[in-house]
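The values are calculated or read from the model by the stated rules, or taken from the named source; none is laboratory data. Keep in mind the model is a prediction, meaning the values are calculated, not measured. Ideal geometry is used to build each Cβ from the backbone, glycine not excepted, and the neighbour counts take in all protein chains shown.
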Amino acid sequence: MNIVENIADAWQAMSLLELIGVLTGIVNVWLAAKQNIWTWPMGLISVAMYVLVFYEARLYADMGLNVFYFITSVYGWYLWLYGGQNHTERQVGRVGRRELSLLLGLAVLFTVGLGYFLHNFTNASLPYMDAATTAVSLVGYWMMAKKQLENWVVWLLVDIVYVGVYTYKELYLTSFLYLVFMLLCVKGYREWKKELHRPAARNVVAGAK
């Protein structure tokens, strides 16, 4: 009976962590779409919850991904505040072709290497899928930290896959979270694209004067 009770208590605890991760994750992405600096501290809470959730689900690459998110959220926080010219607030930009090619190439190598390791040396569930979504998420996160518009396209593509993975793993709250993320990706892309064209519009007005 004690074993059954312990399992039930563990399940309830993980469900609470997942719920906190879901709620803070939604707020995190919504704030990112609005370019609100509070997206980063909110993200720190969300990813901390998901380190524990993914450990329990044996999605070790996703667990490691969230450890990476936690550490680099501090970097993104700093970059958004002081990553612009003369240490001013960073503005929305675009990723260059060379950088994009490099990032995609690294993502492929990362997927193959991590997938092989997870498949052969751990009891990871869906090792290559886990590795691939992790690799693409790293690309998206890097682009988001640098305020590059295309990060929303990357997130949209990987979120579609995540919905299927988390549904399969019966992480239904997390699957719902990524459905919401997909909608927020569309919002974020539109908001950031408007911001991208605002400096050009101001320059046209200034030139006309």
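Put simply, of G115, G140, G76 the only residue that is of a type in the set (G, A, S), at pLDDT 90 or above and under 26 Å from L19 (Cβ atoms) is G140.
Scanning the stretch 164-181 for residues being closer than 23 Å to V27 by Cβ and without any contact (Cβ under 8 Å) to a residue 24 or more places away in the chain gives a total of 6. The lone criterion from (1) more than 20 Å from E170 (Cα to Cα); (2) part of a loop (DSSP other than H, G, I, E, B); (3) in contact with a Lys or Arg (Cβ under 9 Å, 6 or more places away or on another chain) left unmet by I37 is number (3). Taking the stretch 92-132, which residues are surrounded by 14 or more Cβ atoms within 10 Å (Cβ to Cβ), part of a helix (DSSP H, G or I) and of a type in the set (G, A, S)? The answer is A107, G115, A131, A132. Tell me which residues, restricted to the stretch 42-91, are assigned to a loop (DSSP other than H, G, I, E, B) and either hydroxyl-bearing (S, T, Y) or within 13 Å of the chain's Cα centre (by Cα) (or both). Listed by number, the list holds a single entry, T88. The residue that is surrounded by the most Cβ atoms within 10 Å (Cβ to Cβ), counting only those in the stretch 133-155 that are among the charged types (D, E, K, R) and under 19 Å from F68 (Cα atoms), is K147.
On the stretch given as the stretch 135-149, residues that are part of a loop (DSSP other than H, G, I, E, B) and on the phi < 0 side of the Ramachandran plot total 2.
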